[in-house]
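Worksheet for the structure shown next.
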Amino acid sequence: MSLNHLASRFRCSWPWSTLVLTCDGRVVCGCADPYAQRVLGDAREQTIAQIWNAETVRGLRAELNTGGSRFCGDCPLKLPLDDDEASPVRPVDAGALPSRLYIECTAACNISCFEACCAPETGITRTRQAGMLDFDLFTRVVDEAGPGVGRIDFFNYGEAFLHKRAVEMCEYIKQRFPQVYLYTSTNGLAMSEERARRLVHSGIDEVTFSIDGAFPESYARYRQRGRLDLALHTMRTMTDEKRRSGRDLPFINWRYILFKWNDSTEEMDRARSLAEEIGADRLTWEITDHPESAFSRRFAPGTPDHGAIRHEVWDHNNLGNAIPGATPRADIRLRTRVPGLPLLGRRGGRMRLRTSVRNLSSRPFPAQATYGRRLVRLGAQLCTFEGEVADRDHARAWLPATIEPQQAADVPIEIPLPDAPGRYRLKLDLVSEGIDWFEACGSPTTSRTLVVW
């Protein structure tokens, strides 16, 4: 059915990739459905494969292919289409299983965030048919979805670690499917020290702490009934256990929402110092436009202050870091006999280049990583002569060893040459594998004209 009569056309990719399991066993579409209004199925009665391939989801995909669906309602995940923009068309059959799964342990929370849609006062827990996710249902869903899932987000609404078996759930996921990237977000207030240390050893890949302030009074204005000292203690416990046990995971983020009461230079600098002293891997700022009476005007997009921190903003890129010197930055130099001249090569052949890579940041560039993510390699992107990227993953080269801050290393890289003769651009950049290219957070790249004959 054509939906061009809808007031506004939009696109969305979620029904082709992701399912969200609520704590009562229902499955909804997208992580922006706090009151479970867009239900796709029920895992208590259906398998994940049945839900993923049911007519409800297939019909939703078909409608989105035409430019929208009434099913989506007021979902904020919708991306508007311009009047002359064609709707992307994807197969209605999206494979046997989703590639990503959100798991909600509970919709309950131990604090109340100011004017948040999931605050206890909204009655969100009354929209669930169970208070806590049944452990047997959890294991069945994980067993069913695990073979197809590449990532599990172990949170949704509520505070996941209010569930008494939450850490055990993380252990179960990583024991059954160690290849799954396991991520969680927490306020850090519901874990004992013992559980926090145990979580480090669960195999979980990444933990984000939501801590919006560096002074107790400003922190508690949004995280009402929360305690800054306890949240920081939990984060410190995890970084201490990680360091003590010699583990490179979990990667520990501190995400800080900017409001008008916590956006002073003094408080932000204190957060930077605390994050570095505690040993967090990353501190980022989150920009919001809600609540209307509270969001930071100082750092609204388009302001000079926003421009000054843009590489440190959570949604801007995956590597930027507000901890001083921690944003990855490198100097890449191409060593050729005659600097500045184009590179020449025969079509279909290979070219070996010599480069020097210097670490200009305060964190090492790891040459290896336990799970194959966040190790750093030199990458070559093949571009048209005008600079448009034709092959972002054209070539890779391993670092000879971890490059420590302010140190340099020679890194040779072998480049396959295109089959078609012509003029190209070759761009060299570092990449944190599975995360992002350094260029995304402002690190300079090196480019050279490539002539293929």
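The values are calculated or read from the model by the stated rules, or taken from the named source; none is laboratory data. On a predicted model such as this, the values are computed, not experimentally measured, just so you know. Positions of Cβ are backbone-derived with ideal geometry, glycine not excepted, and every protein chain shown enters the neighbour counts. All accessible areas refer to the heavy atoms of the entire protein, side chains included, with ligands and DNA or RNA removed. Shrake-Rupley method; radii C 1.70, N 1.55, O 1.52, S 1.80 Å.
Details
- Taking the longest Cα principal axis of the chain as reference, the axis of helix 228-244 is set at about 50 degrees.
- Each residue of the stretch 307-322 is assigned a 3J(HN,Hα), and the resulting list reads x, 5, 10, 4, 6, 9, 7, 3, 7, 6, 7, 9, 10, x, 8, 7 Hz, derived from the Karplus form 6.51 cos²θ - 1.76 cosθ + 1.60 (θ = phi - 60°), x at Gly and Pro.
- The slack between R126 and K260, meaning 0.36 nm per residue of separation minus the straight C-alpha distance, is 45.0 nm.
- C-alpha long axis of helix 55-64 to longest principal axis of the chain, angle in °: 50
- Along the axis of the charge dipole computed for the chain (Cβ charges of +1 for Lys and Arg, -1 for Asp and Glu, origin at the Cα centre), the listed residues Y424, C23, T208 are led at the positive end by Y424.
- Rounded to the nearest Hz, the phi-derived 3J(HN,Hα) couplings of the stretch 443-453 under the Karplus curve 6.51 cos²θ - 1.76 cosθ + 1.60 (θ = phi - 60°) are 6, x, 10, 10, 10, 8, 5, 10, 10, 10, 10, where x marks glycine and proline.
- Loop-located trypsin sites (Lys or Arg not before Pro) in the stretch 35-65 (DSSP state not H, G, I, E or B) with no more than 15 neighbouring Cβ atoms inside 10 Å: R44.
- Assuming charge only on the beta carbon of Lys and Arg (+1) and of Asp and Glu (-1), the dipole of the stretch 284-367 about its Cα centre is about 1240 debye to the nearest 20.
- For log10 I(q)/I(0) by the Debye sum over Cα atoms at q = 0.08, 0.10, 0.11, 0.14 Å⁻¹, computed directly from the structure shown, the correct entry in (1) -0.45, -0.71, -0.87, -1.41; (2) -0.55, -0.86, -1.03, -1.44; (3) -0.59, -0.83, -0.93, -1.26 is (2).
- Dividing the helix sum by the residues of the chain, where each DSSP H run of 4 or more adds -39500 (n - 2.57), gives a mean residue ellipticity at 222 nm of -5500 deg cm²/dmol.
- Around the amide H of F251, modelled in the peptide plane, lie the amide H atoms of E206, V207, all under 5 Å away and 5 or more residues distant in sequence or on another chain.
- Across the stretch 284-352, Cα pairs under 8 Å and at least six residues apart give a relative contact order of 22 percent.
- The stretch 14-93: projected area of the alpha-carbon convex hull, averaged over directions, in nm²: 5.2
- Rounded FRET efficiency, nearest 0.05, which uses the C-beta distance separating R347 from D74 and R0 of 51 Å: 0.40
- Mean Cα-pair separation over length for the chain, i.e. relative contact order, pairs under 8 Å, 6 or more apart, %: 10
- For the chain, the solvent-accessible area with a 1.4 angstrom probe is 44 square angstrom per residue.
- FRET efficiency estimate (nearest 0.05) - Cβ-Cβ, A367 to E292, R0 51 angstrom: 0.60
- Backbone HN-Hα couplings from phi across the stretch 183-199 [Karplus 6.51/-1.76/1.60, Hz, Gly and Pro as x]: 10, 9, 10, 8, 8, x, 9, 10, 9, 6, 4, 5, 5, 5, 5, 5, 4
- Selection among A86, W285, L378 by position relative to the dipole of the chain gives L378 as farthest towards the positive end (Cβ unit charges, Cα centre).
- Alpha carbon Rg of the stretch 223-379, scaled by the compact-globule rule 2.2 N^0.38 Å: 1.35
- The magnitude of the dipole of the chain, with charges of +1 and -1 set on the Cβ of Lys/Arg and Asp/Glu and taken from the Cα centre, is near 1480 debye.
- Helix 135-145 vs. the chain, principal-axis angle (Cα, 0 to 90°, nearest 10): 40
- The calculated FRET efficiency for the pair E388 and D83, based on their C-beta separation and a Förster distance of 25 Å, comes to about 0.45.
- Cα gyration tensor, the stretch 160-294 - rounded (a/c under 1.5), prolate or oblate: prolate
- Prolate/oblate/rounded call for the stretch 11-168, Cα gyration tensor, a/c under 1.5 rounded: oblate
- Given charges at Cβ of Lys, Arg, Asp, Glu: the chain dipole, positive-most of G73, M268, V357: V357
- Once the Cα-Cα distance is subtracted from the 0.36 nm per residue extended length, the V39 to N110 segment shows a gain of 23.0 nm.
- Those aspartates and glutamates that a straight Cα-Cα span of less than 17 Å connects to K260, excepting residues fewer than 8 apart in one chain: E115, D212, E217, D269, E286, D289, E292, D305
- Ordering of 302-310, 433-441 by burial proxy (mean other Cβ atoms within 10 Å per residue, highest first): 433-441, 302-310
- Straight-distance candidates among the lysines for linking to K242, with alpha-carbon spacing under 24 Å and chain neighbours fewer than 8 residues away dropped: K164, K174.
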